[in-house]
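Chemist: Got a structure here, written out as structure tokens. Questions coming.
The values are calculated or read from the model by the stated rules, or taken from the named source; none is laboratory data. Since the structure is predicted, the reported quantities are computational estimates derived from the model, not experimental observations. All Cβ positions, glycine included, derive from the backbone under ideal geometry; neighbour counts span all protein chains shown.
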């Protein structure tokens, strides 16, 4: 018996767990080995000192708590990859299959394939990481500013010069032309036409859009008070182009009798529009409501003060056909 085995049996003997047949072998070894005798004496003294302390009974739920903590620790471990689990199973089963050369050869072959696949996966992940890093570095590298196309610049929003440098930051807004096609009944087309009716930069665009909106109103197609009708009244009151105002006036004709707001807009055109042609058309459109008190008052004012003799004469003729209100 060597000393290493003797040390293991000394521990078992100290706690009364060494079989009887091994006790005699240990005693024969201790007779000729002073070092192991010292080891037994020290361990016996330690066991005697421990015996002086009362033995504490473990809590009743110690096993349950230990299992719970073990489950939590296992859940916290990162999941193994499939080839790692396969390798572990191969290692666990290797000892059982040592007597089966064919099976061992098959397992070794499977392990080699798993290792090759794992290496391939690692290489692909590494290549993806390198590519992503290169892309980040490329994006982070300073880029030469792109030369803006002047026809796409709507306006300049800010100009800032960096202190103690010749670097200048110019921020601008781009104009990106878009195109949409649809029926006049399409709400998107109608919305764009209403926006175009207020385009201050192009009288032609306003003329086209107001003409289309007016045609829709005269045809009685969805000329809602809060939609196209408002756009036409705005054009009649404020547009600088007489053709645009005239088209708006004609588009509002079907609603003079039913919509007081439309009637007031036409009366304002009769009083204040600087184009005699529009004032004359406004008088003709007011004939269906000539008996209205407000209409009569405006016609009376125009009949006496309008600069155009023709407008004054037409106003008097219209008033003459309406009996006086007693």
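Residues checked against (1) in contact (Cβ under 8 Å) with a residue 24 or more places away in the chain; (2) crowded, with 20+ Cβ neighbours inside 10 Å:
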| site | (1), (2) |
| --- | --- |
| 215 | yes, no |
| 253 | yes, no |
| 260 | no, no |
| 267 | yes, yes |
| 270 | yes, yes |
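Chemist: Scan the stretch 272-280 and tell me whether some residue there is over 30 Å from residue 212 (Cβ atoms), buried (at least 17 other Cβ atoms within 10 Å of the Cβ) and not assigned by TED's automatic domain parsing to the domain that holds residue 229. If you could, list the steps in order and put the result at the bottom.
Modeler: Going residue by residue through the stretch 272-280, those that are over 30 Å from residue 212 (Cβ atoms) are none.
Within the stretch 272-280, none of the residues are over 30 Å from residue 212 (Cβ atoms), buried (at least 17 other Cβ atoms within 10 Å of the Cβ) and not assigned by TED's automatic domain parsing to the domain that holds residue 229.
Chemist: Give the number of residues within the stretch 1-37 that are outside any helix (DSSP H, G or I) and without any contact (Cβ under 8 Å) to a residue 12 or more places away in the chain.
Modeler: Let us first name the residues in the stretch 1-37 that are outside any helix (DSSP H, G or I), namely 1-2, 15-19, 32-33.
With the extra rule that they be without any contact (Cβ under 8 Å) to a residue 12 or more places away in the chain, the set shrinks to 2, 16-19, 32.
The number of residues fulfilling the criteria is 6.
Chemist: State whether the residues of the stretch 88-97 include one that is modelled with pLDDT under 80 and in contact with a helix residue (DSSP H, G or I) (Cβ under 6 Å, 6 or more places away or on another chain).
Modeler: Within the stretch 88-97, the subset modelled with pLDDT under 80 is 88-97.
Narrowing the set further to residues that are in contact with a helix residue (DSSP H, G or I) (Cβ under 6 Å, 6 or more places away or on another chain) leaves 90, 97.
Yes - at least one qualifying residue is present in the stretch 88-97.
Chemist: Which members of the stretch 196-225 meet the condition of being more than 18 Å from residue 262 (Cα to Cα) and at pLDDT 85 or above?
Modeler: Keep residues of the stretch 196-225 that are more than 18 Å from residue 262 (Cα to Cα), which gives 196, 198-209, 212.
Residues satisfying the conditions are 204, 205, 206, 207, 208, 209, 212.
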